Amino acid sequence: MNTPDDPLDELLSQWQVHGEVPSSFQREVWARIATNEGEPTTWEKLTSFLVQPRGWLIATAASILIGATVAWVETRPPRLNPHEAYVRSISPFASLHLASH
């Protein structure tokens with residue numbers, strides 16, 4: 001693809017940089033970059049850990065363990081002995097009977 005000649009191309013080809021770069025220039029640049037970065041936050045550390053395969057494995061194992069623990073723990077009220085069950089079944093004040101009226 002041929003592009004028309006641009007006068008800026010000619011000016012850029014003639015441009016020259018005059019001057020010397022100080023010997024400590026590169027070291028100073030890296031020092032400025034290091035001072036601006038700072039220590040990563042806890043959220044950044046957690047995010048960078050979770051994007052690694054080991055992080056996925058640990059998060060998956062933890063969620064399976066938590067799910068199994070919640071499923072194993074009984075959240076229902078304790079079973080009634082036969083006497084209490086009978087009294088509740090015939091009591092007119094039991095919530096089961098009141099809900100039907």
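The values are calculated or read from the model by the stated rules, or taken from the named source; none is laboratory data. Just so it is clear, the model here is predicted, and its values are computed rather than measured. Note: ideal-geometry Cβ built from the backbone for every residue, glycine included; neighbour counts use all protein chains shown.
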* To do: Determine if the stretch 51-67 includes at least one residue that is free of Cβ contacts under 8 Å to residues at least 40 places away in the same chain, farther than 30 Å from Ser89 by Cβ and assigned to a loop (DSSP other than H, G, I, E, B).
  => yes
* **the stretch 22-39 residues that are on the phi > 0 side of the Ramachandran plot, paired with ones that are surrounded by 10 or more Cβ atoms within 10 Å (Cβ to Cβ) (beta carbon under 7 Å, 6 or more apart)** => none
* Asked: Just checking, how many residues over the stretch 13-57 are of a type in the set (A, V, I, L, M) and surrounded by 10 or more Cβ atoms within 10 Å (Cβ to Cβ)?
  -> 5
* Structure fact -> Going through the stretch 78-101 in order, the residues found to be exposed (fewer than 10 other Cβ atoms within 10 Å of the Cβ), modelled with pLDDT under 80 and part of a helix (DSSP H, G or I) are Ser95, Leu96, Ala99
